[in-house]
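Only one structure is covered here, and it is reproduced in the block below.
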Amino acid sequence: MGGTRIASVSGLRGVVGDGLDPTVVVEFAAAYASGCASGPIVVGHDGRVSAQVFTSAVLAAVTATGRDALLVGPTATPTIGRLVRDQAAAGGIQISASHNPSKYNGLKFFQPEGMVLSAAQGRDVLDRLHRRAFGWASWDALGRVRSLDDPDQSHLKHVLNIVDVDAIRRRKFTVVLDACHGAGGRLGAVLLRSLGCKAVVLGALPDGRYDHPPEPTEANLHAFSAIVPATGAVVGFAQDPDADRLALVDETGRYIGEELTLALAVSRRLAQVRGPLVLNLSTSRVSEDLAVRLGCPVHRTPVGEIHVVERMRAEGAVLGGEGNGGVIDPRVGFVRDSFVAMALVLDLLAETGEPLSQLVEALPKYAMVKDQYPLAQDGSPDGIAALWDKITAAHPEAKADRRDGLRLDWSDRWVHVRSSNTEPIVRVIAESVDSATSRALADQIGRWVTSGGAA
């Protein structure tokens, strides 16, 4: 694949005009649609400047393979998953580059059960793409495009059903939402109003004209964090452009982040019902500690939404998620869902009567460091595997997990190093009880990565 573009079992992502163009999108979408069973395919997009261009390309691909397209416009990724189930669709396509900057766009595909493709299904799409095995329809068998006027209704209903709506309404919370000019503003505003909140919504228009870099990190949300206490809000919610991730800011303006979004959701859900929790290998121990305290089993999976979802289904988990602010509640759907996260956090605030800052203070304390490095010269699978071997051999006292890159566990710390599926980088995440230990561990592993194993 040429240019700045990554095609993987997770879908397609690239830089518009530098590897990602309408021709690429048509072929990739056609490769997916050609493998779908009969039935319509839901098509939506997040808030990006290039959304219209690639929506036209996807609609052409879907209808040219003889499938009908259900067009929903700017719609959150978790809502797409819900719609695929509700419409008994053959699948879904979300045009999104998640948290990446404006110059990026991409495609994410769904299976009929309303969750993203499995690794095997993703490989099938790639195989059809490489073989150019497109199932083009004849002129009299082309699909049609139909628009859905209210795509959020079912998703909203399911989210409201998982919380005590009356209790939240009685509190009349003031809440600030940064929708990041993405796809989450429409449903986010309706959800907050339905919960009786006074909602201050920033970046509601899904036009991709971002007020700040779109990933909801502390550095990117500096201005937003100041707005939360200035408005007297009890919490600030910050979505990424496709609204499957959520970061939090407390009532004092302190950035709480994404890892603790999941922890607070876990705290609320496991207080209601005991059951299995599923987390990926890069997720903080905070959520794990909360579950263990309550006697709930915790299962770890490779990074990637589908790995978490498949394990959740296998274990009958009551909740799952990833440390990037992606909460998955099976009562609503099997997609990371910022609206579920917002609802559970508000439910927790209403149930406890405590401010968010105090709830966070009561959580287990860990310090996490997240770094990323360019791939070493030998970025082949064999080269990367050899690097993991060298790092493992240098730390024989640690428990090693090789299911997804390499995770090393000690009693008081852990580190996870892996190649990204969506960017040409290696991610290093380290966590311990203090920031100095986490920083030193991340730096040590980072030196191994950058030297290709010569550290």
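The values are calculated or read from the model by the stated rules, or taken from the named source; none is laboratory data. Given the structure is predicted, the values throughout are model-derived calculations rather than measurements. When we count neighbours, we look across all protein chains shown, and the Cβ atoms used for this are built from the backbone with ideal geometry, even at glycine.
Per-structure values
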quantity: Counted residues, the range 342-385 - those being farther than 25 Å from His416 by Cα and either in contact with a Phe, Trp or Tyr (Cβ under 8 Å, 6 or more places away or on another chain) or not acidic (Asp, Glu) (or both); calculated: 16
quantity: Residues of the range 314-336 satisfying the condition of being more than 14 Å from Glu259 (Cα to Cα), in contact with an Asp or Glu (Cβ under 9 Å, 6 or more places away or on another chain) and of a type in the set (D, E, K, R); calculated: Asp329
quantity: Search result, residues across the range 4-18 that are touching a residue at least 40 places away in the same chain (Cβ under 8 Å), part of a loop (DSSP other than H, G, I, E, B) and among the β-branched types (Val, Ile, Thr); calculated: Val9
quantity: Whichever residue in the range 21-69 is of a type in the set (Ser, Thr, Tyr) and touching a strand residue (DSSP E or B) at 6+ places or on another chain (Cβ under 8 Å) and, among such residues, is farthest from Arg128 (Cα to Cα); calculated: Ser50
quantity: Any hit, the range 271-286, residues being outside any loop (DSSP other than H, G, I, E, B) and either of a type in the set (Ser, Thr, Tyr) or surrounded by fewer than 19 Cβ atoms within 10 Å (Cβ to Cβ) (or both); calculated: yes
quantity: Residue in the range 294-301 that is farther than 17 Å from Pro276 by Cα and in contact (Cβ under 8 Å) with a residue 60 or more places away in the chain present; calculated: no
quantity: Unmet criterion (only one of (1) touching an Asp or Glu at 6+ places or on another chain (Cβ under 7 Å); (2) farther than 25 Å from Val176 by Cα; (3) at pLDDT below 95; (4) not aliphatic (A, V, I, L, M)) for Gly304; calculated: (1)
quantity: Qualifying positions in the range 307-330 - modelled with pLDDT of 95 or more and either surrounded by fewer than 19 Cβ atoms within 10 Å (Cβ to Cβ) or part of a loop (DSSP other than H, G, I, E, B) (or both); calculated: Glu310, Arg313, Ala314, Glu315, Gly316, Ala317, Val318, Asp329, Pro330
quantity: Test: residue in the range 145-154 that is within 23 Å of the chain's Cα centre (by Cα), modelled with pLDDT of 95 or more, within 29 Å of Leu246 (Cα to Cα) and assigned to a helix (DSSP H, G or I); calculated: yes
quantity: Pairs with Cβ under 7 Å, 6+ apart, first in the range 158-171 and without any contact (Cβ under 8 Å) to a residue 60 or more places away in the chain and farther than 16 Å from Gln272 by Cα, second among the aliphatic types (A, V, I, L, M) and outside any helix (DSSP H, G or I); calculated: Arg169/Leu195
quantity: Residue among Asp46, Asp86, Asp21 that is free of Cβ contacts under 8 Å to residues at least 60 places away in the same chain and of a type in the set (Asp, Glu); calculated: Asp21
quantity: Residue satisfying all of: in the range 413-426; touching a Ser or Thr at 6+ places or on another chain (Cβ under 6 Å) and either more than 18 Å from Asp289 (Cβ to Cβ) or among the acidic types (Asp, Glu) (or both); modelled with the lowest pLDDT among these; calculated: Asn421
quantity: Residue within the range 39-59 that is in contact with a Pro (Cβ under 9 Å, 6 or more places away or on another chain), part of a helix (DSSP H, G or I), in the same structural domain as Asp124 (by TED's automatic domain parsing) and crowded, with 24+ Cβ neighbours inside 10 Å present; calculated: yes
quantity: Scope the range 161-182; condition part of a helix (DSSP H, G or I) and crowded, with 17+ Cβ neighbours inside 10 Å; matching residues; calculated: Val165, Ile168
quantity: Tally of residues being within 13 Å of Ile256 (Cα to Cα), part of a helix (DSSP H, G or I) and not hydroxyl-bearing (Ser, Thr, Tyr) across the range 342-371; calculated: 6
quantity: Given (1) touching a Pro at 6+ places or on another chain (Cβ under 6 Å); (2) not assigned by TED's automatic domain parsing to the domain that holds Asn324, index of the condition Ala183 fails; calculated: (2)
quantity: Selected residue (criterion: surrounded by the most Cβ atoms within 10 Å (Cβ to Cβ)) from residues of the range 219-270 that are at pLDDT below 95 and acidic (Asp, Glu); calculated: Glu258
quantity: Residue in the range 259-266 that is touching an Asp or Glu at 6+ places or on another chain (Cβ under 7 Å) and either outside the structural domain of Glu431 (by TED's automatic domain parsing) or part of a helix (DSSP H, G or I) (or both) present; calculated: no
quantity: Selection from the range 92-115 of residues that are in a strand (DSSP E or B), in contact with a Phe, Trp or Tyr (Cβ under 6 Å, 6 or more places away or on another chain) and either surrounded by fewer than 24 Cβ atoms within 10 Å (Cβ to Cβ) or among the charged types (D, E, K, R) (or both); calculated: none
quantity: Matching residues in the range 158-200 - criterion: being within 21 Å of the chain's Cα centre (by Cα) and among the basic types (Lys, Arg); calculated: Arg186
quantity: Residues of the range 183-198 satisfying the condition of being buried (at least 20 other Cβ atoms within 10 Å of the Cβ) and aliphatic (A, V, I, L, M); calculated: Ala183, Leu187, Leu191, Leu192, Leu195
